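Some notes on the structure that comes next.
Nothing in this text is a laboratory measurement; each read-out follows from the coordinates by a stated rule. All values derive from a computational prediction rather than experimental measurement. Cβ placement follows ideal geometry from the backbone for every residue including glycine, while neighbour counts extend to all protein chains displayed.
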Amino acid sequence: MMISIFLLGFFPALLLAAAAYDLCTYTIPNLLPLALLCVFVVYMMVSFAAGAPVPLRSVAMHAGAATLALGAGVALFAKGWIGGGDAKLFAAVCLWLGFGAMAEYTMAASLAGGALTVLLLLFRRLPVAAFVRVPWVLRLADPEAGVPYGVALAVAAVMVLPYTDLFRLAGTH
């Protein structure tokens, strides 16, 4: 039970915070991917203490997925295709999801990002009503603004989570 709090509580809550922050500010503070990393480490320690440790090989594979994701994210950031916060969030999420779900996560994030982009393009064609003229809504309505991709990354992570090895392991204990 305690282990599921991490998968169904802390992980999604941090993703929600990243999505909300990105939606409102077009940034993802470094604290959120760092918190995902720290909570992952605590999750590993709690699962070990609970007598249901995640196999060391699996932990290494999750770390490898995060490393690969960070490298890809840094390369995309260097080209100016994504923001630095998106790159770090992507890597932190891949730490949780591991190699087993990394391809599905990347595809789900791409599809969610495409849908978000289409919704924003449609939204930006409409006049912003006077009663919703708050700064973050105005920023979303700005045709020159980018896409708060952290929203897509968070949605995709929650969609893929039930199909991960950590989720399956937590269900067996």
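Based on Cα contacts under 8 Å between residues 6+ apart, segment 111-158 shows a relative contact order of 57 percent. Going by neighbour counts of Cβ atoms within 10 Å, the residues Arg133, Arg139 line up, fewest first, as Arg133, Arg139.
Working from the Cα coordinates of segment 74-133, the gyration tensor eigenvalues give, after taking √(5λ), semi-axes of 29, 14, 11 Å in decreasing order. The HN-Hα couplings worked out from phi for segment 104-118 by the Karplus form 6.51 cos²θ - 1.76 cosθ + 1.60 (θ = phi - 60°) are 5, 5, 4, 5, 4, 5, 5, 5, 5, x, x, 5, 4, 4, 4 Hz, whole numbers, x standing for Gly and Pro.
Peptides 88-95, 111-118 ranked from most to least packed give 88-95, 111-118, packing being the mean of other C-beta atoms within 10 angstrom over each peptide's residues.
If you add up the charges near Val118, with Lys and Arg at +1 and Asp and Glu at -1, over every other residue whose beta carbon is less than 14 angstrom from its beta carbon, what do you get?
+2
For mean projected area of the Cα convex hull in nm², the candidate list reads [x] 9.5; [y] 10.2; [z] 31.1; the entry that matches the value derived from this model is [y].
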